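Since the structure comes first, as structure tokens, the remarks are kept for the end.
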Amino acid sequence: MRFPRASGVLLHPTSLPGPHGSGDLGPAAHHFIDWLHGAGQTLWQMLPIGGIGPGNSPYMSSSAFAGNLMLIDLAELQQRGWLAAQALASPPQADPRRIDFATMVPWRMQRLAEAAASFASQASDAERGALDAFCASHADWLDDYALFMALCEATGWADWSSWAPGLAHRQPDALAAACDEHATRIVFFKFCQWCFHRQWAALRAHARAQGVRIIGDTPIFIAYQSAEVWARPDLFELDAQGRRTVVAGVPPDYFSATGQRWGNPLYRWSAHAAEGYAWWVQRVRRTLELVDIVRIDHFRGFADYWEIPAEEPTAVHGRWLPGPGVALFDAIESALGPVPLIAEDLGQLSPAVKALLADTGFPGMAVLQFSFTSDAGDAFLPHNHRQHSVVYTGTHDNDTSVGWWESASDHERNHARAYLGTDGHDIAWALMRAAAASVADTAVHPMADILVLPSDCRMNLPGQASGWWVWRFEWSQVHPWHGRRLAEMTKLFGRG
């Protein structure tokens, strides 16, 4: 599917300003959409909006279908009368430009618990009916998710395979007893998902009114400690006890000499094929209920993927195995029609990956920070771009452009100076201008580059499991010239 020539901004909602320790779906998110509109942007790209997992990563969620509870706007719950006036009076003190997950998460969870209790005691019939309707329409994933989260809490987040056998293997009597025992907490998690979806729907409606489409992000793999792996262990490469035998990752690459051992369970693709890839159809359908365009992370894994024995501490000793290929995407298109999808096709690409990209017709990606290591033949240089693609200065896995420039090799700097016609003093905007001028249909600019921020505002460093995903900005950092210059550049290169 071809996209119209356009541009937008990469920013995860947690990086937004706000008074409660982390960005959320509240007023700052709505104001950001207004800012995008004023700056001539028609796309807002986010990272996955599911719950966070180990290392606070949004790519290791406890559910492939649920929303992130930390994105719920607490002020809206207070406005509805579900939080007392003083409940938000003393938020955790923290650096407004960093997220302190250790204090933010428990504080927000406590406020959500208070709101759920108030709702239970004072909600109107109409409000209860709305919650019941939401639970009924989303029961195919919500029931498993809510019970799974309640059990995780009750067991101190022990691996689900170590739970009592009746629960680990989902014996009906054990599940029924657990539903009775944890009924209050199950209702809590369903209430939170309802709040998330109400607020998300309002935000998306505002985006549409302003002509802004949302690009979501779907990780190819899901976390082991997730409701879906527990609910359907037959779809994953697990042993009879539910433990991982092999895990996902990538071999040594640009980011790490020992590769990246992500630890996600790998799919048992034969089982998915036997069901006509119904699980994946459901997952993509669910994602398209929330966003306008889907970016699939690690697209190459559908062509061939790196299998690492579970006992290996790094990703060095693995092997390539064939993925499902075009059959998966044929099944999705047969069920849902043409899907607006961006393929993250970065890294070392085999002929199979290139063939899959051609067969599906999805646009791939180009990252300008990678383009100056060789010569004029580099595929990521703008004069080599394809129209049917998406160009970035960098992604969430890259340094900021200012940080990249400071650590770049002499060759990269000299090449960039000559190519971009700059001395490097304004490298972030020079790269964004090159992206905007590219023939690529879509250009996406990271917010940290728009604000010309240094390396300590980087979102993630692949291969390092902790210390990331914490960056936030403040509105005081955003000046009128940022939006004005972005709008002028967007108009100049026909992306308005």
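Within this structure, residue 409 fails the test of being modelled with pLDDT under 95 and either surrounded by fewer than 15 Cβ atoms within 10 Å (Cβ to Cβ) or farther than 21 Å from residue 254 by Cβ (or both). Scanning region 153-167 for residues that are under 21 Å from residue 234 (Cβ atoms) and either among the small types (Gly, Ala, Ser) or part of a helix (DSSP H, G or I) (or both) yields 160, 161, 162, 164, 165, 166, 167. Of the residues contained in region 188-211, none is found to be in a helix (DSSP H, G or I), farther than 30 Å from residue 397 by Cα, more than 28 Å from the chain's Cα centre (by Cα) and of a type outside the set (A, V, I, L, M, F, W, C). Evaluation of residue 424 against the conditions (1) surrounded by fewer than 16 Cβ atoms within 10 Å (Cβ to Cβ); (2) of a type outside the set (Ser, Thr, Tyr); (3) touching a strand residue (DSSP E or B) at 6+ places or on another chain (Cβ under 9 Å); (4) modelled with pLDDT of 95 or more shows that the sole unmet condition is (3). Listed by first and then second residue, the pairs with beta-carbon distance under 7 Å, at least 6 apart or on different chains, first residue in region 304-321 and part of a strand (DSSP E or B), second among the hydroxyl-bearing types (Ser, Thr, Tyr), are 304/350; 321/305. Taking the stated definitions as given, is residue 347 surrounded by 19 or more Cβ atoms within 10 Å (Cβ to Cβ) and either closer than 12 Å to residue 300 by Cα or acidic (Asp, Glu) (or both)? No: the conditions fail for residue 347. Of all residues in region 240-276, those being part of a loop (DSSP other than H, G, I, E, B) and either at positive phi or at pLDDT below 95 (or both) number 11. Using the structure shown, decide if residue 145 is surrounded by 14 or more Cβ atoms within 10 Å (Cβ to Cβ) and part of a loop (DSSP other than H, G, I, E, B). No; evaluated as a whole, the condition is false for this residue. Residue under question is residue 368, and the condition is that it be touching a Leu at 6+ places or on another chain (Cβ under 7 Å), among the aliphatic types (A, V, I, L, M) and in contact (Cβ under 8 Å) with a residue 40 or more places away in the chain; does it hold? Here the answer is yes, as residue 368 does meet what is asked. Here residue 217 clears all of (1) in a loop (DSSP other than H, G, I, E, B); (2) touching a Lys or Arg at 6+ places or on another chain (Cβ under 6 Å) except the condition numbered (1).
In region 205-242, of all residues being over 22 Å from residue 280 (Cα atoms) and touching a residue at least 24 places away in the same chain (Cβ under 8 Å), the one that is surrounded by the fewest Cβ atoms within 10 Å (Cβ to Cβ) corresponds to 241. Of the residues 292, 297, which is under 30 Å from residue 419 (Cα atoms) and in contact with a strand residue (DSSP E or B) (Cβ under 6 Å, 6 or more places away or on another chain)? Exactly one of 292, 297 is under 30 Å from residue 419 (Cα atoms) and in contact with a strand residue (DSSP E or B) (Cβ under 6 Å, 6 or more places away or on another chain), namely 297. Filtering region 1-11 to residues that are surrounded by fewer than 22 Cβ atoms within 10 Å (Cβ to Cβ) and not in a strand (DSSP E or B) leaves 1, 2, 3, 4, 5. Take the conditions (1) under 30 Å from residue 486 (Cβ atoms); (2) out of contact with any strand residue (DSSP E or B) (no Cβ under 7 Å at 6 or more places or on another chain); (3) assigned to a helix (DSSP H, G or I); residue 77 misses just one of them, which is (1). The residues listed here are 185, 128, 170; of these, the one that is outside any helix (DSSP H, G or I) and more than 30 Å from residue 460 (Cβ to Cβ) is 170.
When we screen 495, 484 for residues that are assigned to a loop (DSSP other than H, G, I, E, B) and either over 30 Å from residue 61 (Cβ atoms) or touching a residue at least 24 places away in the same chain (Cβ under 8 Å) (or both), the only hit is 495.
Every residue, every condition in (1) among the basic types (Lys, Arg); (2) loosely packed, with under 15 Cβ neighbours inside 10 Å; (3) in contact with a helix residue (DSSP H, G or I) (Cβ under 8 Å, 6 or more places away or on another chain); (4) modelled with pLDDT of 95 or more, yes or no:
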position: 297; (1), (2), (3), (4): no, no, no, yes
position: 308; (1), (2), (3), (4): no, no, no, yes
position: 336; (1), (2), (3), (4): no, yes, yes, yes
position: 364; (1), (2), (3), (4): no, no, yes, yes
position: 376; (1), (2), (3), (4): no, yes, yes, yes
position: 383; (1), (2), (3), (4): no, yes, no, yes
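Just to verify a result, which residue in region 18-46, among those that are part of a loop (DSSP other than H, G, I, E, B) and touching a Ser or Thr at 6+ places or on another chain (Cβ under 9 Å), is farthest from residue 488 (Cα to Cα)?
Here is the first cut: in region 18-46, the ones part of a loop (DSSP other than H, G, I, E, B) are 18-26, 39-42, 46.
Still in the running and touching a Ser or Thr at 6+ places or on another chain (Cβ under 9 Å): 21-24, 39-42.
Working: 21: 34, 22: 31, 23: 28, 24: 29, 39: 8, 40: 8, 41: 11, 42: 14 Å.
Filtering region 18-46 for residues that are part of a loop (DSSP other than H, G, I, E, B) and touching a Ser or Thr at 6+ places or on another chain (Cβ under 9 Å), the one farthest from residue 488 (Cα to Cα) comes out as 21.
If only one of 26, 67, 21, 40 is surrounded by 21 or more Cβ atoms within 10 Å (Cβ to Cβ) and in contact with a Lys or Arg (Cβ under 9 Å, 6 or more places away or on another chain), which one is it? Spell out how you get there, then give the answer.
Details: 26 fails: in contact with a Lys or Arg (Cβ under 9 Å, 6 or more places away or on another chain); 67 fails: in contact with a Lys or Arg (Cβ under 9 Å, 6 or more places away or on another chain); 40 fails: surrounded by 21 or more Cβ atoms within 10 Å (Cβ to Cβ).
One residue alone meets the criteria, 21.
Scanning region 12-36 for residues that are polar (S, T, N, Q) and in contact with a strand residue (DSSP E or B) (Cβ under 7 Å, 6 or more places away or on another chain) turns up just one, 15.
If you filter region 264-285 down to residues that are of a type outside the set (A, V, I, L, M) and in contact (Cβ under 8 Å) with a residue 60 or more places away in the chain, you find that the one that is farthest from residue 216 (Cα to Cα) is 264.
So which residues in region 110-125 are assigned to a helix (DSSP H, G or I) and exposed (fewer than 14 other Cβ atoms within 10 Å of the Cβ)?
Narrowing region 110-125 to residues assigned to a helix (DSSP H, G or I): 110-122, 125.
Within region 110-125, 110, 121, 122, 125 qualify.
For region 468-496, how many residues meet the condition of being small (Gly, Ala, Ser), at pLDDT 95 or above and either at positive phi or surrounded by 13 or more Cβ atoms within 10 Å (Cβ to Cβ) (or both)? Count: 3.
The values are calculated or read from the model by the stated rules, or taken from the named source; none is laboratory data. Predicted, not measured: the structure shown is a model, and the values here were computed from it. A quick note on method: Cβ atoms are made from the backbone with ideal geometry, for glycine too, and the neighbour counts reach across all protein chains shown.
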